[in-house]
Amino acid sequence: MEHSPRQIMALVRADFKDEVLRSRSIWLCASCYACTVECPREIRITDIMYALKQRAILEGIYPKRFPIPILAKEFFKMVHSKGRITETLLVMRLFLRANWRAVLSSWRQGIGLIRTGRFVLRHERIENRAQLAGMLDSDLHDERRITPKEAA
Amino acid sequence: MKTNLTNGDIRIGFYICHCGHNIGGVVDCTAVAHEITGLPGVVVSRDYKYMCSDPGQELIRNDIREHALNRIVVASCSPLLHEHTFRNAVEAGGLNRYFFQMVNIREHDSWVHTDHAKATTKAVALARAAVLRVRFHRALETTRVAIHPDVLVVGGGISGIHAALTLANAGKKVYLVERDPSIGGHMAKFDKTFPTLDCAACILTPKMSAVRANKNIKLWTYSEVAKVDGYVGNYTVTVRRKPRYVNEELCIGCQECIEACVFKEGKYPDEFNVGLSKRKPIYIPFPQAVPQVVVIDPERCLQLKSGRCKKTCVEACADRQAIDFTQKEEMAEIKVGNIIVATGFKLFDAKRIPQYGYGLYPNVVTSIELERLVTSSGPTGGEIIMRDGRTPQSVAFVLCVGSRDFRTNRWCSRTCCMHSMKLAQLVREHTGADVTVFYLDIRAPGKGCEEFYDKSLKDGIQFVRGRVAEVTDWALTPEEEGKLVIRAEDTLAGVVRRIPVDMIVLAVGMEPQADSQAVRRLFNMSCGSEGWFLEKHPKLAPVSTFTDGVFIAGCCQGPKDIPDSIAQAGAAAAEAMALIDRGYIEQEPNTAYVVEEDCSGCKSCLPLCPYTAITLDGTTQKATINAALCKGCGTCVAACPSGSIRQHLFEDDEIFSEIEGVLTHA
Amino acid sequence: MKYAYFPGCSLKGLGRAYEESLLPVMEKLGVELVELNDWNCCGATAYMSVDETKACILAARNLAIAEKTGSRDLVTPCSACYLVLNKTKHYLKDSPEIRGSVQRALEGAGLRYSGEMPVRHPLDILVHDVGLDVIREKVVRPLTGLKVAPYYGCQVVRPYATFDDAWNPTTMDRLLATLGAEVVPYPLKTKCCGGSLTGTLPDTGLRLTYILLKEAVRRGADVIATICPLCQFNLDAYHDQLTRQWGPVPIPTVYFTQLMGLAFGLPESQLGLRRNFVRMKPLPALPARA
């Protein structure tokens, strides 16, 4: 963690926008909400981290090849087109985009999943994909919220 | 509606105050004065920079003489601030002080508006209302009520003790009522006091003995105030005296009965040692207790619970026969003129923050528990040992436990920084252990306190700035095995640290007493949103309350240290003495009164009066109002179905003309 | 008792053993779970990281479908789903801007959502609606002698601690004790398992997983009970890597519903216990009856 949550808050307040959005710290938040219920000032830290992640994706300035925003985007895309997530397929896509060598290092895990019948290769999908897509696209009127830029 | 005035006689003087820029910066005062000039009866209309100044008051006095004025209106600040000042000026000018009306064009106008023209129009409307109203003002007299010279002090901690002694030394008779079996409060549990490190018992015990020895103090321990009636100068207080099953007059505190108790060892948590030691059902709270009288715990005593005990205690006390199982709760009624409430605080319950592990890990203790451990009269004879018997090699203090935290208490408890540093120094002195203090900010503003902080730093106590996230027992490294691990962000170093220690001390903050709301209602006081008793004015009346003759001192008003508590206790005693020595209070005549011939005796007003000032006269069957009890709230005036209750200074003609004045557009 | 049921993607994939054990256990207790028609992914934490409003629209479609069933409550076993659906409810209540966008999206799709329907976790249903007394009656094979570390993870108790404490929850402790198990004091019960970091940043994520497993072993637990599919996966599927890095921490992690199934005497084969990487040992023999 480059910056602690407290330092992130201080940097935001002091308007160090780039430092904050480029920081890996905001992506390290696993949304366990421990900070939110712990904060003596009742600051909703997890929600602020979400807001910063959204901003970083919107502006396309998150750390290069950093797997977490890539996962978020792959997730986003899969839900958009299928309506559901097929975890094993999602993880494979992540590995291909972020670090294909990781596939090799976790081959044993993959075999374990196949053995235990948890490896799913067929896409889970909903029936009414058109309805869902329509709903999600209905929210494009806002100029500010354009399709997330690809990370350079 | 006829008044006792002949209209032709009315000669009004109107004065508008600029209050520097406070009013003058927004309201066009000259224009207002000019506007008022034309109103009927107005003889003089002036604006002036500061009406409350001596020359301002002189202006009024002169004009009364020169222009034969008989009514005065001043438009300035809040009547709370200067009504008294101007009424005095009016009186000095030779008029009845109630031939005066004040208009608030500061708080009600210039401070809350930005549009100058509209603010000026509003000032004119308010001033006009007062000018129309003041024509109907009658001459009224204040009444005097004698003050009972005795004082009740509630709470026998250091604040209550000091207030009681101050009054008693001045020759006043004091009732000191304490809930526990002994006076002494929290201070009696302390080993040393910051920042001088002088022995707490050495300075408190003489004061406790002085209370016992002072003939002017009637000490009632194990007693609680049950009921308060009356008003400033004339309170009737009912005190519930709990049975201690030991005759206070006969017991000499020899404690042979305790020795003789059928319980050979202590079995129940000792309140004074915050549960770190055990006591018997029959006990004396602590060695220096005042009074030196034994008490029997009815929840624990075999005889009182089951009636089947050998009563070895009674045998042991055969010659004095002080033990009395037939004692019953008694109610005592006393008359006092003033009351000082010094009911103190309670400590934050550390279990409310589960991540600090209090109650889960035996070596997590509270600051008051450590206080008892370092005291030579404490359960370990002054040795700092952990619950497993070992002496700690490393100790950490966690500050702001239950303070400065929106989830528990938002306020700063003010004493924990200094208290913890004192304990840290004592831990170093007693054990040589490494001491780390985790703090948010060190708050050491008292005299000699910053220097004490410096000394702590020089003495090798480690300070880590950061709120502790959690106390755990899981280890990541061999050094952490078997220890308690504190996880905290060191905000100066900018890293998250794990620090393994043997013992953790939680500096628990102060909270209002659990029954503070009941006590507040008992004495008709107010509480702030946090539950501390509210002073009448945060700067100018810090020990007064909104109820005359009821004063507050010590931590029941808010967290504070011993010197501040003593200072408040002295101030409260002085306030009470000021009333006692004057001998009477003057009462505003803005009271309600019954026009007897119109009263139907319906009694609907009786239950409405918050001050129980209204009674039904047995012979006439009409309502009568005790002017001494009436606070002039007006509830009965508005409620009376026959319109037979009226109120001085709020007569119908006064109010209607005021309304007319506001609503008339120039 | 009848509830609308939102399984979530995990229960059809990596966490299918959760659903496999949940459904028969609920049936045994007379609780009917009616799966929502054509439900979609809740959005989890990843979606919220990209677009807040769309994340709410996604979740709101499920809430609207659930409301249409006329059931009293919506039940969802996955912690992420539980949090996202509850969070969306809160957002719709607190933010007029998001409420507007979501309502437009729902109306366009011919759906309606009033915002009233409670979203609840099976643990809450079992302890508070069904009741421990009823559960105790169904126990035919008490878990006597089995030492269980109750692990709640994060998102069911935080930040909306609706049915239990955020730091020291006890609902599952009480449930496990009702089954006859010995509940091991486990102060790490709400610490983070690493979430998706185990996949994206293994160095950071797996460390958290390791601490949870190591401490469960140190405190003498035979098995860890979880209430979340991601927690189960993290605590179960990385033992290879963990052993390579820090040494072995051999302890199985199962769903609390699997333990309930065992205690109810349901056949092991029906409870998905074979889907574990680290298999649970057979239950200890019951002490002979006096």
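Quick check on the range C:261-283. Is at least one of its residues under 14 Å from C:A181 (Cβ atoms) and of a type in the set (V, I, T)? No, the range C:261-283 contains no residue that is under 14 Å from C:A181 (Cβ atoms) and of a type in the set (V, I, T).
Only one entry of B:R372, B:R404 meets the criterion of being among the charged types (D, E, K, R), at pLDDT 95 or above, within 29 Å of B:S159 (Cβ to Cβ) and in a helix (DSSP H, G or I), and that entry is B:R372.
When the range B:427-448 is limited to residues that are crowded, with 18+ Cβ neighbours inside 10 Å and within 14 Å of chain A (Cβ to nearest Cβ), the one that is nearest to B:R404 (Cα to Cα) turns out to be B:L440.
Among all residues of the range B:363-383, there is at least one that is within 14 Å of chain C (Cβ to nearest Cβ), touching a strand residue (DSSP E or B) at 6+ places or on another chain (Cβ under 6 Å) and surrounded by fewer than 23 Cβ atoms within 10 Å (Cβ to Cβ). Taking the range C:231-290 as the range and being of a type in the set (S, T, Y), part of a helix (DSSP H, G or I) and within 13 Å of chain A (Cβ to nearest Cβ) as the test, the residues that pass are C:T243, C:S269.
Counted as qualifying within the range B:30-119 are the strands (runs of 3 or more DSSP E) with 1 or more residues that are touching a residue at least 60 places away in the same chain (Cβ under 8 Å), namely B:42-48, B:71-76. A search for C-beta distances below 8 Å between a residue of the range C:143-169 that is more than 10 Å from chain A (Cβ to nearest Cβ) and any residue that is among the polar types (S, T, N, Q) and assigned to a loop (DSSP other than H, G, I, E, B), counting only pairs 6+ apart in sequence or on different chains, returns C:Y152/C:T190; C:D164/C:T170; C:N168/C:T190; C:P169/C:T190. Any residue at all in the range C:183-195 that's surrounded by 18 or more Cβ atoms within 10 Å (Cβ to Cβ), more than 14 Å from chain A (Cβ to nearest Cβ) and aliphatic (A, V, I, L, M)? Yes. Only one of the numbered conditions (1) away from every other protein chain (no Cβ under 14 Å); (2) surrounded by fewer than 24 Cβ atoms within 10 Å (Cβ to Cβ); (3) closer than 30 Å to C:P169 by Cα is not met by C:P96, and that is (3).
Scanning the range C:195-230 for residues that are touching a residue at least 24 places away in the same chain (Cβ under 8 Å), over 22 Å from A:I111 (Cβ atoms) and outside any helix (DSSP H, G or I) yields C:G195, C:R219, C:G220, C:A221, C:D222, C:V223, C:I224, C:A225, C:T226, C:I227, C:C228.
Would the range B:24-41 turn up any residue that is more than 25 Å from B:E654 (Cα to Cα) and among the charged types (D, E, K, R)? Among the residues of the range B:24-41, at least one is more than 25 Å from B:E654 (Cα to Cα) and among the charged types (D, E, K, R), which makes the answer yes.
Residues of the range B:128-187 that are among the polar types (S, T, N, Q) and at pLDDT 95 or above: B:S159, B:T166, B:N169, B:S182.
Checking the condition farther than 20 Å from C:G195 by Cα and either surrounded by fewer than 24 Cβ atoms within 10 Å (Cβ to Cβ) or within 12 Å of chain A (Cβ to nearest Cβ) (or both), which residue from C:A55, C:A80, C:A64 passes?
C:A64
Taking the range A:18-73 and the helices (runs of 4 or more DSSP H) fully enclosed by it, the elements with 2 or more residues that are more than 21 Å from C:W167 (Cα to Cα) and facing another protein chain (nearest Cβ under 9 Å) are at A:25-28, A:45-59.
In the set (1) modelled with pLDDT of 90 or more; (2) over 25 Å from B:L440 (Cβ atoms); (3) surrounded by 22 or more Cβ atoms within 10 Å (Cβ to Cβ); (4) touching a Pro at 6+ places or on another chain (Cβ under 9 Å), A:R22 fails one condition alone, (3).
Considering only the range B:449-554, give the strands (runs of 3 or more DSSP E) lying wholly within it that have at least 1 residues that are surrounded by fewer than 20 Cβ atoms within 10 Å (Cβ to Cβ). Talk me through it step by step, then tell me what you get.
Working: elements: B:462-465, B:468-472, B:484-490, B:495-501, B:503-508, B:510-512, B:550-552.
The strands (runs of 3 or more DSSP E) meeting that bar are B:462-465, B:468-472, B:484-490, B:495-501.
Looking across the range B:384-399 at every residue that is outside any strand (DSSP E or B) and β-branched (V, I, T), the one that is surrounded by the most Cβ atoms within 10 Å (Cβ to Cβ) is identified as B:I384.
Looking only at the range B:287-302, decide whether some residue is in the same structural domain as B:K218 (by TED's automatic domain parsing) and buried (at least 21 other Cβ atoms within 10 Å of the Cβ).
Within the range B:287-302, not a single residue is in the same structural domain as B:K218 (by TED's automatic domain parsing) and buried (at least 21 other Cβ atoms within 10 Å of the Cβ).
Remark: C:Y186 matches the filter, which requires a residue to be aromatic (F, W, Y) and touching an Asp or Glu at 6+ places or on another chain (Cβ under 8 Å). Considering only residues of the range C:1-37 that are over 11 Å from C:G272 (Cβ atoms), without any contact (Cβ under 8 Å) to a residue 12 or more places away in the chain and of a type outside the set (K, R), which is farthest from the other protein chains (Cβ to nearest Cβ)? The selected residue is C:E27.
Condition first: of a type in the set (V, I, T) and free of Cβ contacts under 8 Å to residues at least 24 places away in the same chain. Now tell me which residues in the range B:168-210 satisfy that.
To start, the set of residues in the range B:168-210 that are of a type in the set (V, I, T) comprises B:174, B:177, B:183, B:193, B:196, B:203, B:205.
Of everything in the range B:168-210, just one residue is of a type in the set (V, I, T) and free of Cβ contacts under 8 Å to residues at least 24 places away in the same chain, namely B:I203.
Just to be sure, is A:G112 modelled with pLDDT of 90 or more, assigned to a helix (DSSP H, G or I) and at the interface with another protein chain (Cβ under 7 Å from one of its Cβ atoms)? Taking the combined requirement at face value, the residue does not satisfy it.
The values are calculated or read from the model by the stated rules, or taken from the named source; none is laboratory data. Given the structure is predicted, the values throughout are model-derived calculations rather than measurements. All Cβ positions, glycine included, derive from the backbone under ideal geometry; neighbour counts span all protein chains shown.
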